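First the structure, in the form of structure tokens, and then the observations on it.
The values are calculated or read from the model by the stated rules, or taken from the named source; none is laboratory data. Since we're looking at a predicted model, the values are computed, not measured. Cβ atoms come from the backbone with ideal geometry, glycine included; neighbour counts cover every protein chain shown. Quick note on the areas: whole protein, heavy atoms, side chains included, nothing else; ligands and nucleic acids left out. Shrake-Rupley method; radii C 1.70, N 1.55, O 1.52, S 1.80 Å.
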Amino acid sequence: MWAARSQRLPLSVECTGELVAASLESGDRTAQISVYSLAVIRFVNGHVDKAQGGVFARSVASVAAEIGIPDWIIDIRHEATHKCLPCRDRLRMAAEYALRWLEEKYWKPQSQCLENAEQKVENCLAGYVELQRRLDGMREEGKKTNKTEITLLVEQISSLSQYELSLLPTKLVSCLEVTSFSFPMWKPLLIQLNKNKPHVLAHLIHVLCQNYSSKFQLRQNIISFVESIISEDLFGVPCKDQHTLYVDTLLNSQNDHQTRRLSSIFLNHCTDHVTGKYAKLRDLLNIHHLPKTSPTCTPTPHDISKQIEDLRSVIKNLESKSTSTRSAETSRFVECD
């Protein structure tokens, strides 16, 4: 799965996969020896070549000693490369040692890096909230505030690494809950993300939609927050696939008045780009949310009946991973109100 996402994997990841595959090899003895031999050779050669430095190449044994690979592993690699293949038991021992070496030298440091990245993102957002609250307090006291601090912090957050930015939306949703989804507080950061990292903002909206069903008491806050993002034109150029993904995420989880309202917001934002079943769904949602106080806007019973019939046909053709599940969820949609 990892290899399918990228044509270039880290050496240690490839070696781990090859060594694990060798340990799971269920063929005859000869096949197991061949697979083990290739995995051990790849492990030693790859890491020794990577550690080579200087103008002149050094011996495999000397470089291996520097990076913590013992001599007996080098001997097995030498036999497998230049002589008869070693026995299966020796190769299995070498593979097990190599996996432990990879765990200590690569996987544990990687795990620590990921934990540090999460902590860094959390610290940045906590610092942002603290600074904004301090500035709000100064404004309430009538003191003059300096926007330089918040500008620098926003730039720092938007310049996080690619992995750290991938964590930002989930961590940000947690902070939004703490701050009651105060849009003015988060507007400077959202503006910067829209300017430099629009994909992060799109991911944030998706995470909000995913959290929508489990945060019943916060739904109105989420809707207001999304409306503010769109009204402030922070959502960039409307993308049909992106918006319909949000709608699918919402309607697959819940089907109530607030969910339909948020779905309507997304579909109307990219109204010129929505076609087919989603255009029909948008039209019905718009009729459902028309102001009841305007006689000129109130649809006639015939119009509503026609739209409901149109929706029934839309529901039958909605594509989803589970047709029966989607049909069950959306069939309740027309029966509400």
message = Need one word for segment 94-185: rounded, prolate or oblate. Basis is the Cα gyration tensor (sqrt eigenvalues a ≥ b ≥ c); a/c below 1.5 gives rounded, then a/b vs b/c decides.
response = prolate
ask   = Ordered by packing density, taken as the mean number of other Cβ atoms within 10 Å over each peptide's residues, highest first, how do 135-142, 227-234, 39-46 rank?
value = 39-46, 227-234, 135-142
task = For segment 78-228, with all protein chains present and a 1.4 Å probe, just round the carbon and sulfur fraction of the accessible area to a whole percent.
result = 51
query = HN-Hα J couplings of segment 93-100 from phi, Karplus 6.51/-1.76/1.60, θ = phi - 60°, integer Hz, Gly and Pro as x?
reply = 4, 5, 5, 5, 5, 4, 5, 5
request  = Kindly flag which residue pairs out of 144/187; 105/195; 120/147; 197/280 have an alpha-carbon separation exceeding 28 Å in this structure.
outcome  = 105/195; 197/280
